[in-house]
Amino acid sequence: MQESRSRRRMLAALGTATVVGFAGCLDAGSDREVVGMTATDYVPETVTIAVGETVVWENTSSRRHTVTATSQDSLPEGAEFFASGGYDSYEEADDAWHDDFGGQIDTDETYSHTFEVPGTYPYVCIPHVKAGMAGTVVVEED
């Protein structure tokens, strides 16, 4: 039993290391940044991109996740609200999650958003917000 538990811990650590190693890397020759999702974290937590680039969130865990801007007021002026599931506000996304798991990103699924306005974009995972699952996209002018 002890050996099995140790093996599971080792495999979990290797999985997390793999996510950390690949996530947050700008794909060679493309304009996209990849963010992984572990049980209760975005990896990396903060990414910096240029205007017009895309962030792709990939669920690398066995839990369901969302990607939801914290509010329209928290976004740069003129920026588009973003949320997995295509919702127009945090409240709408939160209601959809609690009603029927709306906006969920299952294991190995992705969600992407292209950022057209420079500034700082805070976002959260609605089902894991109390666990502190939050991230930030910083968008800079070229």
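Numbers below:
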read-out	value
Residue match in region 61-77 (condition: more than 20 Å from VAL139 (Cβ to Cβ) and in contact with a His (Cβ under 6 Å, 6 or more places away or on another chain))	no
Subset of region 82-116 [surrounded by fewer than 19 Cβ atoms within 10 Å (Cβ to Cβ) and assigned to a loop (DSSP other than H, G, I, E, B)]	GLY85, GLY86, ASP88, SER89, PHE101, ASP106, THR107, ASP108, GLU109, GLU116
Failed item, numbered, when THR18 is tested on (1) exposed (fewer than 15 other Cβ atoms within 10 Å of the Cβ); (2) among the β-branched types (Val, Ile, Thr); (3) modelled with pLDDT of 50 or more	(3)
Cβ pairs under 7 Å, 6+ apart, first in region 102-126 and in contact (Cβ under 8 Å) with a residue 24 or more places away in the chain and at negative phi, second small (Gly, Ala, Ser) and assigned to a helix (DSSP H, G or I)	PRO122/SER74; ILE126/ALA93
Residues (within 21 Å of GLU53 (Cβ to Cβ) and of a type in the set (Phe, Trp, Tyr)) located in region 68-114	PHE81, PHE82, TYR111
Hits in region 60-81 - residues which are under 19 Å from GLU33 (Cα atoms), crowded, with 17+ Cβ neighbours inside 10 Å and not aliphatic (A, V, I, L, M)	THR60, SER61, HIS65, THR66, THR68, PHE81
Close pairs (7 angstrom Cβ cut-off, 6 or more residues apart or separate chains): closer than 17 Å to TYR121 by Cβ and in contact (Cβ under 8 Å) with a residue 12 or more places away in the chain in region 86-100, assigned to a helix (DSSP H, G or I) and of a type outside the set (S, T, N, Q) anywhere	TYR87/ALA93; TYR87/ALA96; ALA93/ILE126
Residues of region 21-45 classified as part of a strand (DSSP E or B), at pLDDT 50 or above and over 10 Å from the mean Cα position of the chain (by Cα), total	2
Scan of region 117-142 for residues that are under 15 Å from ALA79 (Cα atoms) and crowded, with 20+ Cβ neighbours inside 10 Å, ordered by number	TYR121, TYR123, VAL137, VAL139
Some residue of region 48-59 being among the charged types (D, E, K, R), closer than 19 Å to VAL138 by Cβ and surrounded by 14 or more Cβ atoms within 10 Å (Cβ to Cβ)	yes
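The values are calculated or read from the model by the stated rules, or taken from the named source; none is laboratory data. This structure is a prediction, so every number in the text was calculated from the model and none was measured. Note that we place each Cβ from the backbone using ideal geometry, even for glycine, and neighbour counts take in every protein chain shown.
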